[in-house]
């Protein structure tokens with residue numbers, strides 16, 4: 001474990017920096033901890049949907065969903081105070097969820113100087129308008145053109161509340177420029193927050209988006225076992241593991257299709273899949289579907305929970321179907337995501353296609 | 001799900017076959033279920049260490065460690081009755097653990113006709129006497145030379161008690177000859193037991209051996225969290241997931257070093273790692289080490305539990321150290337298994353080397 005202290009870490013970056021976080025959801029807010037612990041100025045700024053959160057943070061010094069106070073000195077801003085929050089900023093952290101991507105594009109991108117490095121926590125892929133999928137940094141880069149912004153992103157297995165608790169956590173910062181990534185890492189790393197860097201934005205971002213889709217596959221098997229053995233039965237693992245291995249295989253093939261053959265990106269996604277099966281909100285929907293509940297009923301039961309996984313399954317399944325129609329891919333190579341598409345797009349019952357997973361492979 | 005019935009499955013293989021299982025541990029015994037359910041003659045035969053198990057099976061129709069009776073008609077043999085148990089056999093299943101590998105080589109190999117296909121459940125890698133590692137089928141092939149035996153093996157995420165419970169399970173049969181593998185699959189597959197086949201014996205066997213080593217890495221993080229939050233704290237996943245992703249990366253590199261670049265073999269090993277973290281016996285030792293207990297004390301606490309993982313960690317760590325000394329590998333590429341080697345060979349305290357996991361990777 002590193003023995004770096006708060007003071008020396010800030011010193012190592014030359015001087016304390018000013019970090020403006022826009023979006024006070026759990027993950028954006030969690031990043032205030034390592035940044036402030038390293039001695040930086042941290043300005044947590046709400047989106048128009050975050051007014052109550054910011055009010056609460058100001059009143060209590062604690063995020064309403066966390067069980068631990070923010071480090072002393074974190075500053076809180078409403079969106080109307082954005083100009084003040086961004087004055088002199090050295091880094092902007094985008095903390096919006098995938099449902100805030102277009103708000104960020106419309107409202108924030110024009111306000112971000114070309115010189116200001118951006119680090120986004122938003123995970124997902126989005127249609128590129130040309131039959132393919134792009135990462136959010138790439139989507140924003142296109143929206144911001146001809147201005148050239150310095151867009152980076154963070155991926156990897158990290159639940160916000162465990163980061164806040166200082167659990168050992170490994171993530172990857174990805175972006176075009178290695179020097180910028182190294183600087184961001186120096187600003188954010190802590191003895192418990194370990195940061196790899198990668199210039200493979202598409203690989204890392206695709207991997208961590210795909211895990212939201214494949215987590216459903218694994219969690220459906222949990223529900224299917226509960227259907228057989230009862231909801232309070234001890235957990236069973238053969239079927240989870242079978243779906244997990246298949247998920248790795250399909251994620252690897254999809255990454256290659258999307259232009260990445262980077263082992264580190266796949267490993268980041270596999271770690272992220274693991275944490276999402278256990279710590280993510282997708283687990284609930286997957287279990288309900290696996291127990292035999294139709295999609296509509298399951299979504300109704302989960303009312304109020306935002307499910308980014310549904311969006312990504314739909315986008316990937318649609319693109320794969322289109323590519324299959326064009327002869328570019330064979331859907332039989334992707335039986336699990338193809339089935340998840342049937343469940344989430346076509347309302348078919350969840351029934352893992354086990355026999356489609358078994359292959360003949362040669363040395 | 002397949003609608004195949006017992007009768008038609010047996011018929012599909014031409015005629016019911018005779019399956020002799022040698023070794024009545026949990027996994028060997030579990031395979032009696034799919035074989036017998038498919039209408040085959042099944043002869044479960046104990047090793048010299050299994051006398052009481054066979055006595056119990058005969059008296060009760062149930063394995064002492066299972067909570068479900070064997071299917072009607074399974075036959076039980078003591079090792080002294082081996083000749084009778086093997087008379088007319090169409091397939092021999094080797095159900096010994098890795099601690100029985102040499103007994104199997106000495107006692108069984110000379111008694112196995114060259115025409116009899118063998119399927120082994122034994123997982124592991126063993127020194128080849130030349131500074132490298134080989135799979136058990138390869139080890140036995142060398143021990144049996146110049147006779148040529150038909151040695152195959154099964155790998156993948158499968159706990160015996162869940163197979164017995166008919167949980168959905170995906171495994172891989174590997175061997176040299178695709179036709180033999182297909183026939184074995186036809187004999188053993190069930191609507192819940194899904195069998196891939198692969199001619200990459202070294203890839204599949206290495207992957208499923210390596211998972212016994214890497215499961216310690218993941219489980220140490222569980223113990224480390226318990227050390228911080230208390231034994232009864234809710235589970236934490238960031239650090240498990242960080243170690244899981246690193247395990248995938250190192251397993252992939254090791255498979256390539258050992259001569260396999262087969263995605264399916266890696267996926268089999270990743271599924272197997274997942275099930276081992278949750279369902280395996282290695283979990284206990286990993287947790288104790290992670291809580292800060294020295295190796296000797298942890299092993300004492302687990303007295304009586306056989307830990308195949310310790311053997312494989314030791315073998316891999318030793319080979320990697322030797323290869324590193326020869327300049328063939330850079331140990332910094334394998335920080336997790338290198339640390340596990342320090343813990344299990346050198347009695348160093350378990351302290352996951354997180355900072356060694358973060359890399360700079362490029363598109």
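Descriptive notes on the structure:
- Remark: label point of residue B:355 defined 7 Å out from Cα along the Cα-Cβ vector; separations to the same position in other copies 5.5 nm, ascending.
- Only beta bridges with both residues in chain B are counted; by DSSP, about 20 percent of them are antiparallel.
- Average beta-carbon neighbours from other chains, 10 Å sphere, peptide A:191-201: 4
- Three-way shape call for the range A:154-284 based on the alpha-carbon gyration tensor, with the a/c threshold at 1.5: oblate
- P(r) weight above 18 Å for the range A:208-264, C-alpha pairs, percent: 41
- If R0 is taken as 60 Å, the Cβ-Cβ distance between residue B:326 and residue B:81 corresponds to a FRET efficiency of 0.75.
- Packing rank of A:132-138, A:76-82, where each peptide gets the mean count of other beta carbons within 10 Å, highest leading: A:132-138, A:76-82
- Its relative contact order, with pairs defined as Cα atoms under 8 Å and 6+ residues apart, puts chain B at 14 percent.
- Considering only alpha-carbon pairs that sit under 8 angstrom and 6 or more positions apart, the relative contact order computed for the range A:203-357 is 34 percent.
- Sorted from shortest to longest, the distances between the residue A:297 label points of this copy and the other copies are 5.2 nm, with each point 7 Å from Cα along the line through the beta carbon.
- DSSP bridge orientation in the protein assembly as shown - percent antiparallel, rounded to nearest 5: 20
- Estimated FRET transfer efficiency when R0 is 30 angstrom, pair residue B:178-residue B:130 (beta carbons, to 0.05): 0.55
- GNM remark for chain A: springs join alpha carbons under 10 Å apart, and the peak mean-square fluctuation among A:305, A:270, A:337 falls on A:305.
- Residue mean of other protein chain beta carbons inside 10 Å, B:30-42: 0
- Inter-chain Cβ neighbour count for B:229-241, averaged per residue, equals 6 (cutoff 10 Å, partner chain atoms only).
- Residue-averaged [θ]222 nm for chain B, counting only DSSP H segments that reach four residues, each worth -39500 (n - 2.57): -14500 deg cm²/dmol
- Computed on the range A:137-208, with alpha-carbon pairs under 8 angstrom and 6+ residues apart, the relative contact order is 30 percent.
- Scaled against 2.2 N^0.38 Å for its residue count N, the alpha carbon radius of gyration of the protein assembly as shown is 1.00.
- Label point 7 Å beyond Cα along the C-beta direction, distances from residue A:327 to other copies (nm, shortest first): 5.1
- Where only C-alpha atoms are counted, convex hull volume of chain A per residue in Å³: 155
- For peptides B:116-126, A:212-222, sequence by mean Cβ density within 10 Å, most packed first: A:212-222, B:116-126
Here, each number is a calculation from the coordinates, and none is a lab measurement. Just so it is clear, the model here is predicted, and its values are computed rather than measured. Note that we place each Cβ from the backbone using ideal geometry, even for glycine, and neighbour counts take in every protein chain shown.
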